Amino acid sequence: KFREALGDAQQSLRLDDSFVRGHLREGKCHLSLGNAMAACRSFQRALELDHKNAQAQQEFKNANAVIEYEKTAETDFEKRDFRKVVFCMDRALEYAPACHRFKILKAECLAMLGRYPEAQSVASDILRMDSTNADALYVRGLCLCHDCIEKAVQFFVQAFRMAPDHEKACVACRNAKALKAKKEDGNKAFKEGNYKLAYELYTEALGIDPNNIKTDAKLYCNRGMVNSKLRKLDDAIEDCTNAVKLDDTYIKAYLRRAQCYLDTEQYEEAVRDYEKVYQTEKTKEHKQLLKNAQLELKKSKRKDYYKILGVDKNASEDEIKKAYWKRALMHHQDLHSGASAEVQKEEEKKSKEVGEAFTILSDPKKKTRYDSGQDLDEEGMNMGDFDANSIFKAFFGSPGGFSFEASGPGNFFFQFG
């Protein structure tokens, strides 16, 4: 009961101003309540009476330390360096354990950092002792903004009633209402398929309250979904990244970003996100998503035979044959007989890859194994022993079945027998 103790100490000094222990007790009470300047005056008076008093010397240093922590915290709060403010208040509270002002500032910064359970615990402790504390009511509102805006508004209104000049509560209340309305409008536009409008509304919502970390994380994630619908996948990835920066436990944002990574063939990044999700929530669904991403990563490190032939992964047998015909002739050695040795070597390599691709994709069994990500060498299909000429002959017939004819410098056409 530091306030009662302070009153007793001050009464003792009115009876005897030269009472050193009375000044020490007064200073200790001031410091415990967070009034470091008053504490300094008490300890200075004790030192005037007894300049060798070790307790007075130490307590004077403690009081000055609290003053420095207050100054640093004030500067850091302006800079929005809330972690440092929390650090300073923790240090100050070691000397001033009964200071509600320090506790409230710490709780407010914890809320700004998204550490809502910790902030709520501090504010609730104060409200149990003083249910009319407007600052504590304000912090309780901050802790509810990300989850239940209606309840948050109730706390802000209550804080405003207790202290009509509480500007922070007034601003927070106004922002909470505007944020709720804008977010709901964005959700409605998205459900109606009006993605352009949804994007604009989510963007406007993000500009309302930068202190509402969890809600802004959801807004970034929602806008990421809009961008993915608009096929702006890089923008979608950036939005989801911003979401997890604000809330590194936000599973939905990781899942959404992982899918965008898969869609843009950034398989390693997708695997990393799915690993994060599975480590957090070990469900069968998340395990399967991780396995699928790992398979796609494995497949991406092989030769892409579809890309080599220039066909889609759903290409028909006839489309694969036509694509092979086109690519095989394009890289045939006779077409490049007059080129440099380096060019001929490169074309020979491409011709071999085209042959490999056709051999795999034209064989249903091999194609199935390739599409499923299985290793083709497991059944003795050595991928390094393809003879492009043999495949070419088998497809086109005997070498005499066609010929290259020049129609002008650098121009050729094919004549079939």
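Quick rundown of the values:
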quantity: Qualifying residue in region 110-119 (condition: out of contact with any Leu (no Cβ under 8 Å at 6 or more places or on another chain), in a helix (DSSP H, G or I) and open to solvent by less than 10 Å² (accessible area, probe 1.4 Å)); calculated: yes
quantity: Residue list for region 80-91, filter: open to solvent by 70 Å² or more (accessible area, probe 1.4 Å) and over 13 Å from MET112 (Cα atoms); calculated: PHE87
quantity: Hey, LYS350 of a type outside the set (A, V, I, L, M), modelled with pLDDT of 80 or more and either in the same structural domain as ASP247 (by the TED database) or surrounded by 12 or more Cβ atoms within 10 Å (Cβ to Cβ) (or both) or not; calculated: no
quantity: Subset of region 149-176 that is under 33 Å from the mean Cα position of the chain (by Cα) and acidic (Asp, Glu) - its residue that is least open to solvent (accessible area, probe 1.4 Å); calculated: GLU150
quantity: Enumeration of residues in region 138-167 that are assigned to a loop (DSSP other than H, G, I, E, B), touching a helix residue (DSSP H, G or I) at 6+ places or on another chain (Cβ under 7 Å) and within 22 Å of LYS183 (Cβ to Cβ); calculated: CYS145, HIS146
quantity: All helices (runs of 4 or more DSSP H) inside region 1-51 with 1 or more residues being closer than 13 Å to LYS61 by Cα and in the same structural domain as ASN62 (by the TED database); calculated: 20-32, 36-49
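The values are calculated or read from the model by the stated rules, or taken from the named source; none is laboratory data. On a predicted model such as this, the values are computed, not experimentally measured, just so you know. Note that we place each Cβ from the backbone using ideal geometry, even for glycine, and neighbour counts take in every protein chain shown. Just so you know, the surface numbers come from the protein's heavy atoms only, side chains and all, with ligands and any DNA or RNA stripped out. Shrake-Rupley method; radii C 1.70, N 1.55, O 1.52, S 1.80 Å.
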